[in-house]
Amino acid sequence: MPILDQFFSTADFNLSRSIAQVPEAFDQKLHPMNAPALARVSASSGTDSRPHVKGKFIFLGDDKFYVRGVTYGPFCPNKDGSEYPHPDVVERDFAQIIGNGMNAIRTYSVPPRWLLDAAQKQGLRVMVGLPWEQHVTILDDKELCRAIKERVRAGVRACAGHPAILCYAIGNEIPAPIVRWHARWRVERFLEELYWAAKAEEAAGLFTYVNYPTTEYLQLPFLDLVCFNVYLESPASFEAYLARLQNIASDRPLVMAEIGLDSRRQGEGAQADTLAWQIRTAFAAGCAGAFVFSWTDEWHRGGHDIADWDFGVTSRDRHPKPALATIRKAFTEVPFATDVHRPRISVVVCTHNGERTIGRCLEGLLKLNYPNFEVIIVDDGSTDKTPAIARECGFRLISTENRGLGAARNLGLEAATGEIIAYIDDDTYPDPDWLMYLSDAFLTTDYSGVGGPNIPPLSDGLIAQCVANSPGAPVHVLLSDREAEHIPGCNMAFRKSCLETIGGFDPQFRAAGDDVDVCWRLQERGWTLGFNPAAVVWHHRRNSVRAFWKQQKNYGKAEGLLKRKWPEKYNATGHVTWAGRIYNNGFDPALSWSRGRIYQGTWGSAAYQRLYHPRPATWEALLLMPEWYLVCLTLGALCAIGVLWTPLLFVALPLLGLSVGLPLLIIAENVCRTRFPSAPRGGLPLRTSQLLTAFLHILQPLARLWGRLCCGRSRWRGRGLPGFSFPRPRTFRLWSECWQASNERLRCLEATLRADGMIVRRGGDYNDWDLELQGGMLGHVRLRMAIEEHGAGKQLVRIRSWSKYFTLGFVLTAVFAALSSAAAVDLSWAACAILGIIAALLALFSLLDTSATTAAVCRILKESGFGET
């Protein structure tokens, strides 16, 4: 066993006991045979009627609660100062609201207890607004800020514990000029202070801030759910903007806190039609709910009745408008239309020794809300109790010898009878509506594949949360708000016909990388991939450092295989160049000073003010790459040589400090921004979690590097020396009497080179070469083809090859040679010899990299009939 693997197997480490004293061990909570533990969990959640958030949705106990709401008020205060109508009017209103298919109301001020009682009596949930002075520059007055916090706390205190409460809104639409005046970060910090002040009054409550497009850029990750007021009168624009908001919401529920249309200006018919498609679009986009603005035209703000707006679905005397019947019908048809023919879906679960988690996965599949699906379990040579657990659920089981993940996925594809093949891992379990959202995406688009988010369950404990907040988790990569470049294998679905066209999965990917490969091959065919933010699965993160190390090492091996198969997807440093944006939980490889710019419009006039995230600077990305460890190791070796020659130490030691300190600075900033929901806000558990997360940030690149090195060793075992041919420019020629297009000849040559095990990259639009053969990190060989046409289908094909040495190799060789010479001048002969040997080895490795590749090129071209001139 390698030294690092042995280290993690022997040291692993009782971290679960040192971080948090969870009531049951992770294995006990997830093992399917532990019925008493599962029964206790189910019983406790079933009796709790308080709203709580799980991923993208709100739940009451074990049941998903879709918010079908309407705003209520604000009303003109009466003689007693109450901002609500007489209790008799309120009761009649609530009865009508319930009778028209709604289950929630939103208030803009703290309601009295009698109103909450009336809501509870009718079965309504209440989103409570906590009003304060939002239209003035409040942050310039510290006394006013303290008064606002106390007012918010008092509002929560007045309603705390009432069973009718849905959630609290700690603010509503702070105007963009006010945010711009104070600066974004000050407003964000103040809202967070309000959140924790309110949370102190009711820890179990849900809290949100109601934002709007003009201050969309506010970053508020502490909120329990994300709410936006959006008024768009175009279905296409509304749908596109909801997709953007879903990505802003990330793993939290998105609720439309206001949608509607003014019937005075647009007409009551237009209001009804608009609300119908707004409601249906919101739920189809995966929103957890929507509030129609508003119940009645009666509306009061700033001490005045508003008489020039008619947004209500009833008039001021509570006479129903056409919109009321429309929204009643729309709310009964969401979140999913019942008159849609849905395709048959085959769910494939590939497993190998997954007894610890597969029971929870299969339990989730049994609860799926979908009319036409099958489940196929592919047991890839398990030696534990996995087959026995799988048989108990009654799903189709296919058992095979251990051949790896790619081969197992292909077995599931061959056995599937559905039009759509949905893949889920054995350490994952789905949301009950997972297949409904996936099928919606396939029915409304021509995507060849669709994926969704994979969210870590909070019940897995703090170690799993630390892993979830570290780099290296399976993530989606989006080209736009709806189109994906990559969807992770734990939550991906494809049209069966598309998978069959590309030949299924590549079986060389035994543990990871198969999902990346299949996404690239589908896109190579011109097909596109989609992303549905509501197609949620719950993915258990590794719950020990040893398991995390093993996972990341396997990912490193997969990266080595992917680079070999797709060299054009990787840059000169050996890392994949994604065209889209990577969505990762808790890890941002950019420091705070480069974390985006706000589009505000000239003089702050833009209606939609957005935060644009730039790509991390090249130097920031390099600092967190696995190969950076090699840079640190090299500088450490130079410091050791500096003991023999002091001037070198003065140069190498500061560089070593920078190479180690800058990555640690980025990691520390990321960890400080990370949330740990299971840990208290302060104290030892939080500090321990942050320390472990920082350690995992450091460990992850090392594990990836170790995996790549292991993959590199395995590729060359048993192949012998690839040969040697001095890397000088060469020209080859072939006389052919069978005409062939130049691009076809290049494709054939490329396939021949790849079949020989070489890493080949195609030239791009601005390159003067056609094929590049990667020989190593210090040198490559490039080929250029030219064809002379001689009529009657006869051709003279010429190929020129030459070596390309990387500038890095030249620079390093020159630096070490210069250092060796300087040490010689200083009469430090030991340092001179060591540095000279390093310079010579770098030059030799550059020569060997290109000479071995040149020899292979000469051999393959001669075997193909080319002669050297």
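The values are calculated or read from the model by the stated rules, or taken from the named source; none is laboratory data. Quick caveat, the model's predicted, so the values are computed rather than measured. Positions of Cβ are generated from backbone atoms using ideal geometry, with glycine treated the same way; all protein chains shown enter the neighbour counts. For the accessible areas, the whole protein counts, side chains as well, though only heavy atoms, and no ligand, DNA or RNA atoms are used. Shrake-Rupley method; radii C 1.70, N 1.55, O 1.52, S 1.80 Å.
Couple of notes before you dig in:
- In region 136-150, the residue that is farthest from Ala607 (Cα to Cα) out of those that are β-branched (Val, Ile, Thr) and open to solvent by less than 20 Å² (accessible area, probe 1.4 Å) is Ile148.
- Within region 634-650, tally of residues that are part of a helix (DSSP H, G or I), of a type in the set (Val, Ile, Thr) and either in contact with a strand residue (DSSP E or B) (Cβ under 7 Å, 6 or more places away or on another chain) or surrounded by fewer than 14 Cβ atoms within 10 Å (Cβ to Cβ) (or both): 1
- Meets criteria (under 38 Å from the mean Cα position of the chain (by Cα) and either among the hydrophobic types (A, V, I, L, M, F, W, C) or part of a strand (DSSP E or B) (or both)) for Trp309: no
- Every residue from region 324-346 that is open to solvent by less than 40 Å² (accessible area, probe 1.4 Å) and not aliphatic (A, V, I, L, M): Thr326, Phe331, Pro335, Phe336, Arg342, Pro343, Ser346
- Candidate set from region 377-424 (those that are β-branched (Val, Ile, Thr) and without any contact (Cβ under 8 Å) to a residue 60 or more places away in the chain); member that is surrounded by the fewest Cβ atoms within 10 Å (Cβ to Cβ): Thr383
- Exactly one residue among Gln740, Gln795 is open to solvent by 30 Å² or more (accessible area, probe 1.4 Å) and either more than 30 Å from Trp645 (Cβ to Cβ) or free of Cβ contacts under 8 Å to residues at least 60 places away in the same chain (or both), and that residue is Gln740.
- Residue in region 280-289 that is under 25 Å from Phe75 (Cα atoms) and either crowded, with 20+ Cβ neighbours inside 10 Å or at pLDDT 95 or above (or both) present: yes
- Hits in region 97-119 - residues which are within 26 Å of Lys321 (Cα to Cα), open to solvent by 40 Å² or more (accessible area, probe 1.4 Å) and in contact with a strand residue (DSSP E or B) (Cβ under 9 Å, 6 or more places away or on another chain): Tyr108
- Of the residues in region 125-138, at least one is among the polar types (S, T, N, Q) and closer than 30 Å to Arg184 by Cβ.
- The single residue among Gly359, Gly354 that is farther than 27 Å from Phe283 by Cβ, assigned to a loop (DSSP other than H, G, I, E, B) and either open to solvent by less than 20 Å² (accessible area, probe 1.4 Å) or aromatic (Phe, Trp, Tyr) (or both) turns out to be Gly354.
- Qualifying residue in region 825-835 (condition: closer than 30 Å to Leu783 by Cα, open to solvent by 40 Å² or more (accessible area, probe 1.4 Å) and either in contact (Cβ under 8 Å) with a residue 60 or more places away in the chain or in a helix (DSSP H, G or I) (or both)): no
- Note on region 753-778: residues that are in contact with a Gly (Cβ under 8 Å, 6 or more places away or on another chain) and within 19 Å of Ile860 (Cα to Cα) total 4.
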